[in-house]
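Take a look at the structure set out below.
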Amino acid sequence: MKKMKSVVVAAAVGMLAACQTTPDSPPIASAGLSPTQGNKTIGEATFEQVGGKVKVVVFVQGLKPGQEHGLHIHEKGDCSSGDGMSAGGHFNPHGKPHGHPQSSERHAGDLPSLKANKRGRANVQVEVDQITVTPGPGSVVGRAVIVHASPDDYKTQPTGNAGARLACGVIKLN
């Protein structure tokens, strides 16, 4: 009887486990940011698909204290050149002009600028549209994240006049 009771309990546990569903984890991608030649800027960027938007979280250190720095997704996942130029221009699959991240008229790769604190560290957390972590024309996987030396003016075409590239990282699916 004791053995039968154990079998019934084990079967019940097995059936309950089979009935439970676990939601699929949202797709996540990330990029480790390494300094370009002559710079010391490092960091990490993550991209998490949240419905029709992507939650972007970026942490960077080694910036000039108190300064603002442009932040963009660039079209090529290539950080092999010493100056970061191998990453190409801003990611722009929809053929729009460069603009403010809150505007619908912007490159998909236009992100909010980073504002360094007195220790040269900065972070940004934002949800953006026009990009995805999932496959498709707006996918950021296989692209690059670039931290620039100067603030983005959100006007100058096509770069925002954000200056030299301080750090570069290739976005990879986790």
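No value in this document is a laboratory result; all are computed from the given coordinates. What you are looking at is a predicted structure, and each value in this text was computed from that prediction instead of being measured. Reconstructed Cβ throughout: ideal geometry from the backbone, glycine too, with neighbour counts over all protein chains shown.
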Exercise for review: Give the order of K55, K118, K172 when sorted by the count of other beta carbons within 10 angstrom, beginning with the fewest.
Suggested key: K118, K172, K55
Point to revise | Potential lengthening between S103 and L173 on full extension [0.36 nm per residue; Cα-Cα distance subtracted] | key: 22.5 nm
Exercise for review: Could you tell me how many degrees, from 0 to 90 and to the nearest 10, lie between the Cα long axis of helix 2-19 and the main elongation axis, the longest principal axis, of the Cα atoms of the chain?
Suggested key: 30
Practice item. Just flag the GluC sites (Glu not before Pro) in the range 42-115 sitting in loop per DSSP whose Cβ has no more than 13 other Cβ atoms within 10 Å. Key: E105
**Study point:** Listed candidates [x] 15.8; [y] 12.6; [z] 13.5 - label of the one calculated as mean projected area of the Cα convex hull in nm²
**Key:** [z]
Point to revise | the chain, helix-only ellipticity at 222 nm - DSSP H runs n ≥ 4, -39,500 (n - 2.57), divided by all residues, nearest 500 | key: -3500 deg cm²/dmol
Study note, to complete from the structure: The answer for the net charge of residues other than L33 whose Cβ lies under 11 angstrom from its Cβ, with Lys and Arg +1 and Asp and Glu -1, is 0
Point to revise | Order of V56, V126, V147 - criterion: other Cβ atoms within 10 Å of each residue's Cβ, fewest first | key: V126, V56, V147
**Study point:** Dipole moment magnitude, nearest 20 debye, the chain about Cα centre, only Lys, Arg, Asp, Glu C-beta charged
**Key:** 780
Check your understanding: For the range 117-123, what does the Karplus curve 6.51 cos²θ - 1.76 cosθ + 1.60, with θ = phi - 60°, yield as ³J(HN,Hα) per residue in whole Hz, taken in order and with x for Gly and Pro?
Key -> 7, 5, 9, x, 10, 8, 8
Exercise for review: Report the relative contact order of the chain, percent, no decimals, based on alpha-carbon pairs under 8 angstrom and at least 6 residues apart.
Suggested key: 28
Exercise for review: Excluding A87 itself, calculate the net charge of residues whose Cβ lies under 12 Å from the Cβ of A87, where each Lys or Arg counts +1 and each Asp or Glu counts -1.
Suggested key: 0
